[in-house]
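In what follows, a single structure is set out as structure tokens and then discussed.
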Amino acid sequence: MTRPIYASIDVDALKHNLSQARKLAPDSKVMAVLKANAYGHGLLTCSHALKDADSFGLLDLSDAIALRNEGFKHPICLLEGFFSQDELSLIAENELEAVIHSDWQIDVLENISPELKLNVWLKIDTGMNRLGFTPDQFKSALKRLSTLKCIRNISLMSHLANADQRNDPMTQRQLNEFLSISENLSNLMRSLANSAALLGHPDCHLDWVRPGIMLYGSSPLTDATASSLNLLPVMSLNSEIISIKDCKKDDVVGYGGSWRCPEDMRVGVVACGYGDGYPRSAPSGMPVIVAGKQTQLIGRVSMDMITVDLRGIDAATQASPVELWGRNLPVDAVAEKVGTISYELLCGVTERVVRQESHHG
Ligand SMILES: *Cc1c(COP(=O)(O)O)cnc(C)c1O
């Protein structure tokens, strides 16, 4: 018997969400973003489920090579490019695309063997002030790259800062900046949209969209739920009740005794804690599904356990199933209650939690 916590990964939901992305951006190619172990869902499972994407977006060279070893022939884009010169021969050998965002990278490229052939995305900073060349620096960066023998193809990329807020004027400003920079470069492919822009800003779709979070069934938009966007949750974080306590009125539960029983009640102990990636900041009252019924977390989250309110769930016994988020409890709702976003919860599911493929059809 192993500890009963696992993350169920619904591969049919992944496929559905990809087809939803395609439907919304029918004239664009889709780069499925698989960074951070596919947002915590498992790189290999997700890359196979998303094989109909036009390309994959990743960060780590080792992950890109793992996909090549699996036989994937897709273009694979390294979203932060290379971090040092010694990666370049593997990048070229595996026909990976590198994002070029800084002058130091072009300095490196100017000094490598022209035998290496690379496809690159030139990243433009249209206002986020994170990665990329500013509009002022862009022309000279493009000129330097264009003259290099090692560069086979150049595409253009930028990233949006506020697309999750549908009415934020920054998105339009960034789009305009990106369009004006690339105005006379219609031979170069352009990419701007993350999930939020794919869903909320069709004018940002351009040649390539780059959805991440929506593929995993979470809403990036502040004003829309995943289900209202026809997205299906991919990960369900599941565990079981491993013990039940019959508590008396005024008994306190867990570290610090932060929960006091208002009456005689049953308390369930669940094999899930912050050591699994469940947020320690989750407060008493956080929804949890036990034996198919919604109840609440009570008391503090421990490393390996949480305690739940079993009042009204008479059917709950040892080994009753528990869902922390997923099919029956949107991860977005859990994230909101702890003041974070689904991305952080999903990426934060730790290695000791087994990912288990499932098919819900
Ligand atoms: C992570 C990432 C994305 C995907 O963002 P989502 O909000 O998850 O859709 C797109 N583009 C770049 C450059 C990224 O780093």
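Quick notes on this structure:
- Screening the candidates 344, 323, 357 for the property of being part of a helix (DSSP H, G or I) and among the acidic types (Asp, Glu) yields one hit, 344.
- In the stretch 328-339, residue farthest from residue 227 (Cα to Cα) [restricted to those that are in contact with a helix residue (DSSP H, G or I) (Cβ under 9 Å, 6 or more places away or on another chain) and in a loop (DSSP other than H, G, I, E, B)]: 338
Every residue, every condition in (1) under 26 Å from residue 76 (Cβ atoms); (2) over 24 Å from the mean Cα position of the chain (by Cα); (3) among the hydroxyl-bearing types (Ser, Thr, Tyr), yes or no:
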| position | (1), (2), (3) |
| --- | --- |
| 160 | yes, no, no |
| 179 | no, yes, no |
| 202 | no, no, no |
| 205 | yes, no, no |
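- Residue match in the stretch 156-169 (condition: aliphatic (A, V, I, L, M), touching a Phe, Trp or Tyr at 6+ places or on another chain (Cβ under 6 Å) and closer than 23 Å to residue 95 by Cβ): yes
- Hits in the stretch 1-35 (condition: small (Gly, Ala, Ser), surrounded by fewer than 18 Cβ atoms within 10 Å (Cβ to Cβ) and part of a loop (DSSP other than H, G, I, E, B)): none
- Checked against (1) within 14 Å of residue 159 (Cβ to Cβ); (2) within 23 Å of the chain's Cα centre (by Cα), residue 75 passes all but condition (1).
- Taking the conditions (1) part of a loop (DSSP other than H, G, I, E, B); (2) over 19 Å from residue 177 (Cβ atoms) in turn, residue 86 satisfies each one other than (1).
- Residue 135, sole failed condition from (1) within 12 Å of the ligand (Cβ to nearest atom); (2) in contact (Cβ under 8 Å) with a residue 40 or more places away in the chain; (3) surrounded by fewer than 18 Cβ atoms within 10 Å (Cβ to Cβ): (1)
- Elements of type strands (runs of 3 or more DSSP E) contained in the stretch 200-296, each with 2 or more residues being crowded, with 21+ Cβ neighbours inside 10 Å and among the β-branched types (Val, Ile, Thr): 265-270, 287-290
- Residue in the stretch 144-156 that is within 16 Å of the ligand (Cβ to nearest atom) and surrounded by 16 or more Cβ atoms within 10 Å (Cβ to Cβ) present: yes
- Residue selected from the stretch 138-183 under the condition in a strand (DSSP E or B), free of Cβ contacts under 8 Å to residues at least 40 places away in the same chain and not hydroxyl-bearing (Ser, Thr, Tyr), by the criterion farthest from residue 225 (Cα to Cα): 152
- Residue within the stretch 195-214 that is under 13 Å from residue 331 (Cβ atoms) and among the aromatic types (Phe, Trp, Tyr) present: no
- Test: residue 241 is hydrophobic (A, V, I, L, M, F, W, C), in contact (Cβ under 8 Å) with a residue 40 or more places away in the chain, within 16 Å of the ligand (Cβ to nearest atom) and in contact with a strand residue (DSSP E or B) (Cβ under 9 Å, 6 or more places away or on another chain): no
- All of (1) away from the ligand (no atom under 13 Å from the Cβ); (2) of a type in the set (Val, Ile, Thr); (3) under 22 Å from residue 128 (Cβ atoms) hold for residue 225 with one exception: (3).
- Qualifying residue in the stretch 106-117 (condition: within 16 Å of the ligand (Cβ to nearest atom), surrounded by 13 or more Cβ atoms within 10 Å (Cβ to Cβ) and at pLDDT 95 or above): no
- Tabulated pairs, the stretch 32-49, first β-branched (Val, Ile, Thr), second more than 12 Å from the ligand (Cβ to nearest atom) and not in a helix (DSSP H, G or I), C-beta under 7 angstrom, 6+ apart or interchain: 45/9; 45/355; 45/357
The values are calculated or read from the model by the stated rules, or taken from the named source; none is laboratory data. Predicted model only: the values in this text are computed from it and were never measured. When we count neighbours, we look across all protein chains shown, and the Cβ atoms used for this are built from the backbone with ideal geometry, even at glycine.
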